[in-house]
Amino acid sequence: MNTQLKKRNLIQFYLIEPILRQNSLRQLRTKPTHHYNDRTRNTKEHNQQDYLFLYKSKGQHLLTNQRILDTIVRKSSINPTDTVLEIGPGTGNLTLKLLNVASKVVAVEIDQRMVEVLNKRVKEHGFEEKLSVIREDALKAEFPKFDLVVANIPYGISSPLVAKLVYGVNPFRSATLLLQKEFARRLLAKPGDSEFNRLAVNVKLVANVEFVMNVSKRDFLPAPKVDSSVVIIRPKDQIPDVNLDEWWAFTKTCFGKKNKTLGATFKQKKKVIELFRLSKMASSNGEEMNRNQYVCADDDGDIEESDGEECHSSSCTDRELLFFKEKIIEVLKAASFEDKRPSKLCNEELLYLLSMLNQSGIYFHELTKPSSVDNVAFAAAYS
């Protein structure tokens with residue numbers, strides 16, 4: 001009985017043969033493992049070099065539509081001298097097309113089985129000298145220099161990976177990314193759109209996002225539950241002169257409840273206490289804030305506000321808190337933001353409000369707690 005229950009609870013995975021004939025796919029097969037009979041098992045063992053399990057739970061969905069693959073490569077505007085970074089190449093359907101037009105492809109793949117298949121296919125096509133494989137988690141890997149990013153990104157790491165790219169140390173021309181359709185809509189959202197959130201605000205601070213096309217889930221093997229979209233992210237030549245730690249903490253506060261008025265958000269007692277503590281620390285600490293942390297959260301939920309340090313007579317008084325709260329509201333009113341909602345504000349308006357608050361001695365980032373340059377876990381600090 002227990003054995004049967006365990007079998008029912010196993011994550012379903014698919015058996016495919018990813019090795020191509022010259023210029024075409026061989027027959028693709030799918031079969032759940034718990035339906036294997038002895039003959040199937042023997043066949044698998046005999047041809048184990050030609051077979052590969054794909055795990056849906058790990059976001060292993062291979063794009064097989066050649067027309068879509070060609071369009072992605074064409075829209076990426078790859079020059080013959082370019083080095084292309086590909087994240088999650090899988091068995092190499094996109095990689096082979098990139099190698100045809102680029103000078104070099106750097107592929108980041110964590111699954112050793114995929115790497116073996118990828119190397120085999122690339123060697124069969126005579127491109128082994130142009131391919132460099134980094135077998136590591138893309139969120140932890142140190143990327144070498146590259147000109148472009150072209151990738152079918154596993155859905156589970158879309159947010160942290162986009163953040164790592166747009167806020168990373170490597171300059172690049174553009175990133176053509178195949179993403180979950182809903183996630184792409186949030187990247188493309190504008191103020192007033194229902195999808196507009198902190199993700200869009202933080203990405204658009206440093207980059208422009210362009211929609212390319214939608215991709216049906218039927219174009220993948222195994223098929224995911226949702227459709228996808230292709231977008232192109234292009235870093236801006238110039239970005240606003242704003243402290244990024246302060247900006248990320250500010251947008252976290254504003255977009256905790258994006259449809260709530262700013263006046264209502266900043267009048268909350270816990271928020272007033274938190275900002276009072278941070279601002280008091282900032283006033284006594286003149287060191288420059290660290291600007292290197294990947295924070296670009298994709299969250300619309302409530303902020304779990306810190307209780308902070310309860311204000312006692314030794315740290316602050318009710319009079320001080322009241323004065324500080326009035327100062328915040330005074331800034332909001334002076335800039336005509338008290339009744340406005342973050343979901344309807346553009347970046348220029350948000351930047352202006354942050355500047356006004358900072359000038360009045362109101363800060364959002366804890367200066368005495370340095371950022372971790374190595375922390376690329378998405379929104380680890382602010383979500």
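The values are calculated or read from the model by the stated rules, or taken from the named source; none is laboratory data. Values in this document were obtained by computation on a predicted structure and should not be read as measured data. Note: ideal-geometry Cβ built from the backbone for every residue, glycine included; neighbour counts use all protein chains shown. Just so you know, the surface numbers come from the protein's heavy atoms only, side chains and all, with ligands and any DNA or RNA stripped out. Shrake-Rupley method; radii C 1.70, N 1.55, O 1.52, S 1.80 Å.
Pairs, please: C-beta under 8 Å, at least 6 apart or cross-chain, first residue assigned by the TED database to the domain that holds P144 and in the stretch 94-121, second among the charged types (D, E, K, R) and in a strand (DSSP E or B)?
Within 8 Å, the pairs are L94/E86; T95/E86; L98/E86; V105/E86; V106/E86; A107/E86; V108/E86.
Could you say which residue among G92, G88 is open to solvent by 20 Å² or more (accessible area, probe 1.4 Å) and not hydrophobic (A, V, I, L, M, F, W, C)?
Of the residues listed, the single one that is open to solvent by 20 Å² or more (accessible area, probe 1.4 Å) and not hydrophobic (A, V, I, L, M, F, W, C) is G88.
Take A141 and tell me if it is aliphatic (A, V, I, L, M), assigned to a loop (DSSP other than H, G, I, E, B) and free of Cβ contacts under 8 Å to residues at least 60 places away in the same chain.
yes
Table: residues versus (1) over 23 Å from the mean Cα position of the chain (by Cα); (2) open to solvent by less than 80 Å² (accessible area, probe 1.4 Å); (3) at pLDDT 90 or above; (4) of a type in the set (A, V, I, L, M, F, W, C).
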site: V295; (1), (2), (3), (4): no, yes, no, yes
site: G308; (1), (2), (3), (4): yes, yes, no, no
site: I329; (1), (2), (3), (4): yes, yes, yes, yes
site: S360; (1), (2), (3), (4): yes, yes, yes, no
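Based on this model, can you work out whether I68 counts as within 21 Å of the chain's Cα centre (by Cα) and either more than 23 Å from S229 (Cβ to Cβ) or not in a strand (DSSP E or B) (or both)?
So I68 fails the test.
Out of all the residues in the stretch 181-197, is one or more without any contact (Cβ under 8 Å) to a residue 24 or more places away in the chain, in a loop (DSSP other than H, G, I, E, B) and over 24 Å from F337 (Cα atoms)?
no
Return the residues of the stretch 71-100 that are in a loop (DSSP other than H, G, I, E, B), out of contact with any Pro (no Cβ under 9 Å at 6 or more places or on another chain) and of a type outside the set (S, T, N, Q); say none if nothing qualifies.
I78, P80, D82, P89
Working only within the stretch 101-132, note down all residues that are in a loop (DSSP other than H, G, I, E, B), open to solvent by 10 Å² or more (accessible area, probe 1.4 Å) and within 22 Å of R74 (Cβ to Cβ).
Scanning the stretch 101-132 gives S103, H125, F127.
Six or more apart or on different chains, Cβ atoms under 6 Å: show the pairs whose first residue is in the stretch 233-256 and touching a residue at least 60 places away in the same chain (Cβ under 8 Å) and whose second is of a type in the set (K, R).
Listed pairs, sorted by first residue: L244/R291; T251/R198; F255/R198.
Out of the residues in the stretch 136-194 meeting the condition of being touching a strand residue (DSSP E or B) at 6+ places or on another chain (Cβ under 9 Å) and among the hydroxyl-bearing types (S, T, Y), tell me which one is surrounded by the most Cβ atoms within 10 Å (Cβ to Cβ).
The extreme case among them is T176.
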